[in-house]
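The values are calculated or read from the model by the stated rules, or taken from the named source; none is laboratory data. Bear in mind that the values here come from a model prediction, so they are computed numbers and not experimental data. Here Cβ is always computed from backbone atoms with ideal geometry, including for glycine, and neighbour counts include all displayed protein chains. The accessibility values were calculated without ligands, DNA or RNA, using every heavy atom of the protein model including side chains. Shrake-Rupley method; radii C 1.70, N 1.55, O 1.52, S 1.80 Å.
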Amino acid sequence: MTGADAGDMRSTTLRALAAAAVLAGLTGLVPGCTGAPSRPGGQAPPAQERAGLQGVRPCPGIPGFSCGSLSVRLDPFGSAPGRLSLRVALSDVASAPRGVLVFLTGGPGQPGVPFAPRLAGQLGPALRGYRLVVFDQRGTGAGALDCPALQRQMGASDLAVPSPAAVRSCAAAIGPDRRFFATADTVADIEALRAALGAARITLDGVSYGSYVAEQFALAHPGEVSRLVLDSVVPSWNVDPLQLVNMRQTATVLRDACAAQGCGFDPASDLAAVVRRYHDGPALLDMLVALSVGDPAFPGVPAALHAAAAGRPDALSALAARVHAAEDATAGELSQGLHASTLCADMPMPWGGPGTPLAARTAALARAVARLRPAQVWPFDRATAAGNGFIQTCLYWPPAPAPVATAAPRAELPSVPVLLLAGGHDLSTPLADARAQAALAPDSRLFVVPAAGHSVQTRAAGNPAEAELARFLG
């Protein structure tokens, strides 16, 4: 999902260089908004910004934005004590006749405030008439759930395979409060933010996991949403932890990339041969998904697969190592503690819900995987389905009560305007999921950029969705 997730606004950016497919460049986070001075001349912030928010003042290092904090209950649906302080950034527009647009970053685990200036610049004209609001979702940013061992092993990845020890130590470090970091809790925070802003209705723009949060908010609060932008769509029934669609889509995407590069062979068949020979499906799936975020043209990848299928794996192994290294991320950039807490609470697993005892999970997973047909996983294998990072994280995550459900499975979205954006080369949130979600949005339009990867608004070359987005929001 970072997918996720981040075209899902990941703070680390993968770039695969042509031919050698060497990865380079990490983009750092911009400064946050703490410790800001008061407004010049003692000018008070607008009333809409003051209401319900604490300490609103100009954000240092983020021109054109004011920052404050929103206090929310740790347990929005029960009586457990404690509160969380969520950082919020609001654009300093003189007026916002079209209302508030809340942008939801991905992961789960990414903060929102550091991306405010980047979003304002990239979305540009589409934001005219709106007050742009971003916030650090619970468990992210300055309040990130920090699990050092799990963070080192997974970085910004969804699918890197962690050790059981790292998963267990993370759960123990967070403690029982990990049950308060499900998506339903974040939905409650957004409702508190809407009320604090004094907005009767809000527009939500979510990327990757952020699209899932937007859907869940719309299902829980249909009367409080003006319109939805769903980019790199996680459908409202969530990701398939076995990654079946993602694995099958890999064949189509690699063949398309190969045709563009004039390589003259079948990279999907080569990938299948490599998986059979080296039994490295989970690592290869992680690598290819990451590249669909960083460089969806996959330069040099078909050639590396072709060489590995012929018994020369060095180039492919080096590429996989570089991709993994380039996904290094701190908890403040993408919290793997929050990632695990949320996904293991929300995702429908082969063994059932999050309350399933650990002792029952392995056998249930084995039964589910044994039922898979080869065609459902090709060009990968059943071991890839069972061994990916989603599964291997939640397999060892301690049982917890199921979170509050916000809607029935596969419920139709409210009848508000919905724009769905998808990249044809996205292997993190495949196009098929966007199409399935569009079928359950009565007033929707699906806009596809065929050669784009993850996060169409912010990463597609030339930003071909910019005009579409501006028309939709106008």
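In debye to the nearest 20, how big a dipole does the chain give about its Cα centre with +1 on each Lys and Arg Cβ and -1 on each Asp and Glu Cβ?
Values: 36 positive and 35 negative charges, 63 e Å.
The dipole magnitude comes to about 300 debye.
For the chain, what does -39500 (n - 2.57) per DSSP helix run (n ≥ 4), summed and divided by total residues, give at 222 nm, in deg cm²/dmol to the nearest 500? Each step should come with its number before you reach the end.
Numbers: 19 runs with 183 residues, N = 474.
It comes out at -11000 deg cm²/dmol, rounded to the nearest 500.
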- Item | Matching label, mean projected area of the Cα convex hull in nm² computed from the structure shown, candidates (i) 22.8; (ii) 20.7; (iii) 24.1 | (ii)
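Would you mind telling me the share, in percent, of accessible area of segment 245-347 contributed by carbon and sulfur at probe 1.4 angstrom? Please report the intermediate quantities before stating the final value.
Numbers: 1840 of 3440 Å².
Whole-percent figure for carbon plus sulfur exposure: 54.
Heavy-atom accessible area per residue, segment 152-219, 1.4 Å probe: how many Å²? All intermediate terms of the calculation are to be shown ahead of the outcome.
On the way: 1820 Å² over 68 residues.
Dividing the accessible area of segment 152-219 by its residue count gives 27 Å².
On the accessible surface of segment 108-156, probed at 1.4 Å, how many percent belong to carbon and sulfur atoms?
Details: 710 of 1310 Å².
Carbon and sulfur atoms account for 54 percent of the accessible area of segment 108-156.
Around R178, with a cut-off of 14 angstrom between Cβ atoms, what is the net charge of the other residues, counting Lys and Arg +1 and Asp and Glu -1? Display every interim value, and only then the final one.
Values: positive: R138, R168, R179; negative: D75, D146, D177, D185, D346.
Overall, the nearby charge balance is -2.
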- Message: Show me, for segment 352-359, the HN-Hα J-couplings you get by feeding each phi into the Karplus relation (A = 6.51, B = -1.76, C = 1.60, θ = phi - 60°), rounded to Hz, glycine and proline as x.
- Response: x, x, x, x, 4, x, 4, 5
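Considering only the chain, what is the antiparallel percent among its DSSP beta bridges, to the nearest 5? Provide the component values of the computation, followed by the final result.
Details: 17 of 43 bridges.
In the chain, approximately 40 percent of DSSP beta bridges are antiparallel ones.
Rounded to the nearest 0.05, what FRET efficiency do Q376 and Q122 give with R0 = 56 Å and r taken as the Cβ-Cβ distance? Could you check?
On the way: r = 37 Å, r/R0 = 0.66.
Using R0 = 56 Å, I get an efficiency of 0.90.
Taking the Cα centre of segment 214-288 as the origin, how large is its charge dipole in debye, to the nearest 20, when only Lys and Arg (+1) and Asp and Glu (-1) carry charge on their Cβ atoms?
Approximately 200 debye in magnitude.
Taking 0.36 nm per residue of sequence separation and subtracting the Cα-Cα distance, how much length would be gained by fully extending the chain between A467 and F77, in nm to one decimal?
Working: separation 390, 0.36 × 390 = 140.40 nm, distance 4.04 nm.
Once the chain is fully extended between A467 and F77, it gains 136.4 nm.
Taking the Cβ of L372 as the centre, find all other residues whose Cβ is under 13 Å away and add up their charges (Lys, Arg: +1; Asp, Glu: -1).
Here the charged neighbours net out to +3.
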- Query: On the accessible surface of segment 353-425, probed at 1.4 Å, how many percent belong to carbon and sulfur atoms?
  - Reply: 63
- Would you mind working out the accessible area per residue for segment 354-474, using a 1.4 Å probe, and quoting it in Å²? 41
- Note on the structure: With the charge dipole of the chain built from beta-carbon charges (+1 for Lys and Arg, -1 for Asp and Glu) about the Cα centre, the Cα from H221, G389, A94 projecting farthest to the positive end belongs to H221
- Item | Vicinal HN-Hα couplings computed from phi for segment 112-124 (Karplus, 6.51 cos²θ - 1.76 cosθ + 1.60; Hz; Gly/Pro x) | x, 4, x, 8, 4, x, 5, 5, 4, x, 6, 7, x
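Rounded to the nearest 5, what % of the DSSP beta bridges within segment 63-167 are antiparallel ones? Each step should come with its number before you reach the end.
Details: 12 of 17 bridges.
The antiparallel proportion sits near 70 percent.
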- Message: Can you compute the equivalent ellipsoid semi-axes for segment 209-273, i.e. the square root of 5 times each eigenvalue of the Cα gyration tensor, sorted largest first and rounded to whole Å?
- Response: 37, 14, 5
